[in-house]
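The values are calculated or read from the model by the stated rules, or taken from the named source; none is laboratory data. Computed from a prediction, not measured in an experiment: that's the story for all the values here. Heads up, the Cβs are rebuilt from the backbone with ideal geometry, glycines too, and the neighbour counts pull from every protein chain shown.
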Amino acid sequence: MSRIGSKPIILPESVKVEIKDGKLNISGPKGNLVVALPEKITAEVTGTHLKLNRHGEDKFARAYHGLGRSLANNAVVGVSHGFTKELELVGTGYRVVAQSGDLVFSLGFSHPITFKAVAGVTFAVEGNNKVKIEGIDKGAA
């Protein structure tokens, strides 16, 4: 039995979950996410808990039980609180600048490095060497 997959996900009051065609539509104050469940994995909502169940004891079902639960939990956390990561560039002359939503890094190469913005992810540059990345989808970047 999967240790991670058997744990229920506690749903905050502000998060709504709809189960349709093997997909979880999770909506909250920060936005909406859709999580596709692997085969042989189903979900059920009981009160304030979301529980994932597997059908079968084959290797595939056991392997993807915990994965499905982790993906659903990340979506619930993302739409309720969001994810934030702060990065700091350390090095002589290393700089970062935000240009039209993209990040342009000066990292000592002969040319600047441009990092394109991904839908649902926002960048905030603090000073010239700190970047704050925010979004609701943990796997978007």
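Set side by side, the residues L87, L103 differ, and just one is touching a residue at least 40 places away in the same chain (Cβ under 8 Å) and either under 30 Å from I10 (Cβ atoms) or not in a loop (DSSP other than H, G, I, E, B) (or both), which is L87. Considering every residue within the range 110-122, establish whether at least one is among the hydroxyl-bearing types (S, T, Y), at pLDDT below 95 and within 26 Å of N25 (Cβ to Cβ). Checked the range 110-122: at least one residue is among the hydroxyl-bearing types (S, T, Y), at pLDDT below 95 and within 26 Å of N25 (Cβ to Cβ). Of all the numbered requirements in (1) in a loop (DSSP other than H, G, I, E, B); (2) out of contact with any Phe, Trp or Tyr (no Cβ under 7 Å at 6 or more places or on another chain), H65 misses one, and that requirement is (1). Restricting the range 86-98 to residues that are surrounded by 11 or more Cβ atoms within 10 Å (Cβ to Cβ) and not aliphatic (A, V, I, L, M) leaves a set whose member that is nearest to I26 (Cα to Cα) is E86. The residues of the range 59-86 that are closer than 18 Å to K7 by Cβ and among the aliphatic types (A, V, I, L, M), listed by number, are A61, A63, L67, L71, A72, A75, V76, V77. Within the set E39, E13, the sole residue that is over 18 Å from the mean Cα position of the chain (by Cα), under 20 Å from I136 (Cα atoms) and in contact (Cβ under 8 Å) with a residue 24 or more places away in the chain turns out to be E13.
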